[in-house]
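Participant: The following block contains the structure, expressed as C-alpha cells.
The values are calculated or read from the model by the stated rules, or taken from the named source; none is laboratory data. These figures come from a predicted structure and were not determined experimentally. FYI the Cβ positions are ideal-geometry reconstructions off the backbone, even for glycines, and counts take in every protein chain you see. Each accessible area value is taken on the protein alone, full model and side chains, heavy atoms only, with ligands, DNA and RNA left out. Shrake-Rupley method; radii C 1.70, N 1.55, O 1.52, S 1.80 Å.
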Amino acid sequence: MSVTVYLCPVPEIPAGVLAALYGQLRAHDRTRADRFVVERARRLFVVAHRTVDFALTQAGLDYPVIATGNHGKPYLSHHPDVHFNLSHTEGMIAVAVARHVSIGVDVERRPERTHDLAAIAARVFTPSEQATMTVSADPVTIFTQFWTAKEAIMKATGLGFHLPAKDIELTVPGPQLRRLPPAHADASTWWLHAEAIGDTWLALAAPRPTVRIVRKIVAITDLASA
C-alpha cells in the first residue's frame, strides 16, 4: 500500500499566474473563491483546489466528480477506490492520494504565538498529552506535531471535528497513536506518519498499514501549465 503526497509551497504569486490558476478551477470552486474577502485566504484557496485537480489528474483522473460525505469529507463518487485529502496552512499545501484506503493529511505551521498554547492544549489534548508537552524541552514542537497528527486521524476517519480531539491519544516519540474510540478499530492497526518540513509539520494517517510514501513537490508553475 502506498500514499502519494503532493506538496506545493506557496510563495508570493504574480497576479497573472494567480489569474491563470483561478481560470483552471471548476466552476463551483471559482464561486467559492469569489466569496473570500481576505486576499491572502483567497489566494491559498485557489492554489489549494488547483493542487487537488492536479493531483487527481496525476492519478489518472481528469476532473472527476467530487462529492461530500455526511461530515464534510470530499470523495470521488465515481471512483470509490481512490481516496484523497487536502490540507493547507500559510505557505504550504498538501494533497494526499491513496487507493483502497481512506487517508487523512494535515499541515500546520509552527505557531509564532505561544503564550496561549497551554490553554488550547487543555481543550484538545488528553491529560497524558498535556503532561508530555509540559515536561518537553520544546513544548511548541510537541503541540504542533500532536495537533497535526490528531487532525490527520480525524480526517481519515471521515468524521473530522465530529470526532472529539480528546478521544484520540498520542505519545512520543513519533508521535505514535495510543488510543482511539473502539468504533475505529484498535490503535495498533492504524498507520501514522509525521515529519517536519522547515517550520511546517506534515502528518498522514490511514486506518491500516501503509508501506510507502511517495512525495512529489509541485511548483506553482506546474499547476499553471498543466
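Participant: Among the residues of segment 123-131, is any open to solvent by less than 10 Å² (accessible area, probe 1.4 Å) and free of Cβ contacts under 8 Å to residues at least 40 places away in the same chain? Can you show your working first?
Facilitator: First, pick out the residues of segment 123-131 that are open to solvent by less than 10 Å² (accessible area, probe 1.4 Å): 125-126, 129.
Add one more test, that the residue is free of Cβ contacts under 8 Å to residues at least 40 places away in the same chain, and what stays is none.
For segment 123-131, residues open to solvent by less than 10 Å² (accessible area, probe 1.4 Å) and free of Cβ contacts under 8 Å to residues at least 40 places away in the same chain: absent.
Participant: Then there is this: What is the one condition in (1) open to solvent by 50 Å² or more (accessible area, probe 1.4 Å); (2) in a strand (DSSP E or B) that K166 does not satisfy?
Facilitator: Among (1) open to solvent by 50 Å² or more (accessible area, probe 1.4 Å); (2) in a strand (DSSP E or B), K166 violates only (2).
Participant: I've got another one for you. Can I66 be described as in contact with a Leu (Cβ under 8 Å, 6 or more places away or on another chain), of a type in the set (A, V, I, L, M, F, W, C) and at pLDDT 95 or above? First the steps, then the outcome.
Facilitator: Values: in contact with a Leu (Cβ under 8 Å, 6 or more places away or on another chain): yes; of a type in the set (A, V, I, L, M, F, W, C): yes; at pLDDT 95 or above: no.
Against the criterion (in contact with a Leu (Cβ under 8 Å, 6 or more places away or on another chain), of a type in the set (A, V, I, L, M, F, W, C) and at pLDDT 95 or above), I66 does not qualify.
Participant: Can I ask one more? Could you tell me whether any residue of segment 182-194 is at pLDDT below 95, in contact with a Leu (Cβ under 9 Å, 6 or more places away or on another chain), charged (D, E, K, R) and under 24 Å from G69 (Cβ atoms)?
Facilitator: Within segment 182-194, one or more residues are at pLDDT below 95, in contact with a Leu (Cβ under 9 Å, 6 or more places away or on another chain), charged (D, E, K, R) and under 24 Å from G69 (Cβ atoms).
Participant: I'm trying to understand the selection: among the residues of segment 96-127, which are within 20 Å of V218 (Cα to Cα) and either among the small types (G, A, S) or touching a Cys at 6+ places or on another chain (Cβ under 8 Å) (or both)?
Facilitator: A96, A98, G104
Participant: Given the structure, is T114 of a type in the set (S, T, N, Q), assigned to a loop (DSSP other than H, G, I, E, B), over 27 Å from R212 (Cβ atoms) and open to solvent by 40 Å² or more (accessible area, probe 1.4 Å)? Step through it out loud before you land on a result.
Facilitator: Details: of a type in the set (S, T, N, Q): yes; assigned to a loop (DSSP other than H, G, I, E, B): yes; over 27 Å from R212 (Cβ atoms): yes; open to solvent by 40 Å² or more (accessible area, probe 1.4 Å): yes.
So T114 fits the description; yes.
Participant: From A67, A48, grab the single residue that is part of a strand (DSSP E or B) and open to solvent by less than 60 Å² (accessible area, probe 1.4 Å).
Facilitator: Numbers: A48 fails: part of a strand (DSSP E or B).
Every option except A67 fails the conditions.
Participant: Considering each of I217, I142 in turn, give the residue that is surrounded by 14 or more Cβ atoms within 10 Å (Cβ to Cβ) and in contact (Cβ under 8 Å) with a residue 12 or more places away in the chain.
Facilitator: Working: I217 fails: surrounded by 14 or more Cβ atoms within 10 Å (Cβ to Cβ).
That would be I142, the only listed residue that is surrounded by 14 or more Cβ atoms within 10 Å (Cβ to Cβ) and in contact (Cβ under 8 Å) with a residue 12 or more places away in the chain.
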